[in-house]
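What follows is a single structure, written as C-alpha cells, with notes after it.
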Amino acid sequence: MDFALTEELSMVRDMARSFADDHLMPLATQHDRQAKIDPSVFPAMAELGLWGLTVPEAYGGSGLSNVALALVLEEVNRACAATGVTLSVHSSLVCAPIDKWGTEEQKQAWLPKLASGEVIGAYSLSEAVSGSDAAALVATATQDGDEWVLNGTKLWVTTGEQAGLFIIYVRTDPTVSKAKGITAFLVPADTPGFEVGKAEKKTGIRGSSTNELILNGVRLGPEHILGEVNRGFHIAMDTLDGGRIGIASQSVGIGRACLEASIKYSKEREQFGQPIGNFQAIQWKLADMSTHLDAARFLVHHAAWLRDQGQDCGRMSSQAKLMASKTANFCADECLQIHGGAGYTDDFHVERLFRDARITEIYEGATDIQRIVIARSLLRA
Ligand SMILES: Cc1cc2nc3c(=O)[nH]c(=O)nc-3n(C[C@H](O)[C@H](O)[C@H](O)COP(=O)(O)OP(=O)(O)OC[C@H]3O[C@@H](n4cnc5c(N)ncnc54)[C@H](O)[C@@H]3O)c2cc1C
C-alpha cells in the first residue's frame, strides 16, 4: 500500500491549489454577497482544463482519474464552495454519465463542449414531491411518433442559470413500479418549451444558482435519450455514487478552510495575556478537527479509487459523504466558536464557511439517506 500521491496527482493538486489561492479565494466573499460567481472564474477554469478533468482525451478532456477530481475539488471548495459545487455537478453528474451511458454521437456532440467549458452541465432529478424519495418524481415524457414531449416542473437545479445542457429525469411509464418507469433526457438549454424558473435564496453556497425548471411541451427526438427508455433511475443512482464523492471532497475542502482559519486565529488572538492557542481547550478542538478531516479524506480517496477501478463504490461513497459532511459541519462549528464574537460577524469569512458547510448534509442524498444506503449494503452482504 502506498499513501503517496503520484507525481501527476501532486501536480494536478498543486495547480488547483494555486488557482484556488490566487483566483478564487479573493472572490469568495463577493460570490456570497452578490449571489453570483464572478464572470472571470469560468474562463479561468477552462484555461486550466478543470471542466474536462475526467473527460477522456479522445473527447477533448484530460482523461484523469476520480482521485484527481477529488483532489481538485478539495482545493477549489477550500477557497469557494459555490464554485466547487458547480464543478462537482458538471464533472460527476453530467460529464461522467454521458461518458458512461452515452452513444458515440452523444459523446461527440457534448463531451468536447463540456470539457472545454463552452457548455456547463446540470443534473435535474428532484421535484417538489420527490427529494429523498427521488423515484416518486411526476414530470413526464410521452411519446408522439418518433418524438418525446416533456412536461412538468423540476426543482433545486444547481447551475440552472448558467448551464447549457441539462440531464433531466422524467417519468416515461406510469404503469410500472415507480423506479422502473423513469428515463434520462439530454436537454439543451435553448430547446423550445424549456425555461429556467425561480432562483432559490439560500443559506449558503449563494454564488451557485439553484433553480426551478419548467418543461412545457419540450419536444425531443430519441437521440436525446441517455441510456435506455425506462432505465433512467439506475443511471441517476449510479451517477450519484460518483457525485457523492464530489460532495464529500467539497466537505473536506470546507473543513480544511475552517481548520486553517482556526489555527491562524488561535495564534493571533490574545486573551489573559497569551494567544488563545495556548489554552488546552482550543488545542483539543484543533486536534479533533485535524483528525476528523484526515479520516474523511481517506474515505474520499478510497471511494474515488474504487470508482477508478470500476468497482462498486456505492457504500464507500456514502460513507465518505456521511463522514465528510458531518466533519465539515463539526469543523465549521468549532471554527466559529474559536473565533468568538468575531466569528459571528461577516468581518471574518468563517460565518460563510459555517453557512456553506450546512448544505453538504442535504444535497445528493441527505445524511439519513446515506445511512440507509450504507445499512442496506451491510445487510445485503
Ligand atoms: C442548494 C441545493 C442544491 C441542489 N441541487 C440539486 C441538483 O442539482 N439536482 C437535483 O436533482 N437536486 C438538487 N437538490 C435537491 C436535493 O438533492 C434534495 O434537497 C435532497 O435530496 C433532500 O430532499 P428534500 O429537500 O426534498 O428533503 P426531504 O426528502 O423532504 O427530507 C426531509 C428530511 O427527512 C429526512 N428523510 C427523508 N426520508 C427519510 C427516510 N426514509 N428515513 C429517514 N429520514 C428521511 C431527510 O433526511 C431530511 O432530513 C439541491 C438541493 C439544494 C438545497
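Please treat every number below as a calculation from the coordinates, not as lab data. A quick note: this is a predicted structure, and the numbers were derived from the prediction, not measured. Every residue, glycine as well, gets a Cβ built from its backbone with ideal geometry; the counts of neighbours run over all protein chains shown.
Whole-Hz Karplus values for the stretch 230-239 come out as 6, 10, x, 5, 4, 5, 4, 6, 4, 4 Hz, taken residue by residue from phi with 6.51 cos²θ - 1.76 cosθ + 1.60 and θ = phi - 60°; glycine and proline positions read x. Taking max minus min of the alpha-carbon positions on each principal axis, the stretch 234-380 gives extents of 59, 25, 25 Å, largest first. If you run the Gaussian network model on the chain, springs between alpha carbon atoms under 10 Å, then out of T203, T54, T158 the most flexible one is T203.
Excluding T191 itself, what net charge comes from residues whose Cβ is under 13 Å from its Cβ, given Lys and Arg +1 and Asp and Glu -1? Spelling it out: positives minus negatives among the neighbours equals -3. Here the dipole of the chain is about 1020 debye; that uses its Cα centre as origin and unit charges on the Cβ of Lys and Arg (positive) and Asp and Glu (negative).
For the chain, the longest principal axis of the alpha carbon atoms and the long axis of helix 314-338 meet at an angle near 40°. Across the stretch 234-380, C-alpha contacts under 8 Å between residues 6 or more apart give a mean separation that, scaled by the residue count, equals a relative contact order of 33 percent. Check each of the GluC sites (Glu not before Pro) in the stretch 84-149 and keep only those in coil by DSSP with at most 10 other C-beta atoms within 10 angstrom; list them in order. Sites meeting the loop and neighbour criteria: none at all.
Across the stretch 133-145, coupling constants 3J(HN,Hα) worked out from phi with the 6.51/-1.76/1.60 Karplus curve, θ = phi - 60°, read 8, 4, 6, 7, 4, 10, 4, 10, 10, 10, 7, 9, x Hz, and Gly and Pro carry x. Please report how far the C-alpha centroid of the stretch 1-78 lies from that of the stretch 159-187, rounded to the nearest whole angstrom. Answer, in whole Å: 28.
Using the crude model of +1 on Lys and Arg Cβ and -1 on Asp and Glu Cβ, and no other charge, please compute the dipole size for the stretch 106-149 relative to its Cα centre, in debye to 20.
Result for the stretch 106-149 is approximately 280 debye, rounded to the nearest 20.
Dipole orientation for the stretch 234-380: of the candidates G343, S262, T367, T367 has the Cα lying most toward the positive pole (charges on Cβ; Lys, Arg +1; Asp, Glu -1). Between the stretch 104-134 and the stretch 328-376, what is the C-alpha centre distance in whole Å? If you average the Cα positions of each part, the centres end up 27 Å apart. Result for the chain in a Gaussian network model with C-alpha springs under 10 Å: among G242, G145, G310, the largest mean-square fluctuation is at G145. Rounded if a/c is under 1.5, else prolate if a/b beats b/c, else oblate: with a ≥ b ≥ c from the C-alpha gyration tensor eigenvalues square-rooted, which is the stretch 25-150? Verdict is oblate for the stretch 25-150. Between A141, A257, A199, the GNM of the chain built on Cα springs shorter than 10 angstrom shows A199 fluctuating the most. In the chain, which cysteines lack any other cysteine Cβ under 4.7 Å from their own? Result for the chain is C80, C95, C313, no neighbouring Cys Cβ within the cutoff.
Rounded to the nearest 20 debye, the dipole size of the stretch 186-226 about its Cα centre is 260 debye, using +1 on the Cβ of Lys and Arg and -1 on the Cβ of Asp and Glu. In the chain, a dipole from Cβ-located charges (positive for Lys and Arg, negative for Asp and Glu) runs towards its positive end, and of A81, L64, G102 it is A81 whose Cα lies farthest in that direction. Sorted fewest first by neighbouring Cβ atoms within 10 angstrom, F19, F348, F272 come out as F272, F348, F19. Close amide-amide hydrogen proximity is noted between Y123 and T158, I167, each under 5 Å apart and 5 or more residues distant or on a separate chain (H modeled in the peptide plane; Pro and chain starts excluded). Against the chain, whose longest principal axis comes from its Cα atoms, helix 367-380 is set at around 70 degrees.
For the set K36/K154; K100/K154; K113/K198; K178/K202; K100/K285; K113/K154, the pairs lying more than 32 angstrom apart at their alpha carbons are K100/K285.
Cβ-to-Cβ counts within 10 Å put S325, S290 in ascending order as S290, S325, the fewest first. Computed over the chain, the alpha-carbon pair-distance distribution with 10 angstrom bins reads 5, 24, 33, 24, 10, 3, 1, 0, each value a whole percent.
The overall shape of the stretch 123-230 is oblate: from the C-alpha gyration tensor, with semi-axes ordered a ≥ b ≥ c, the ratio a/c is 1.5 or greater and a/b is no larger than b/c.
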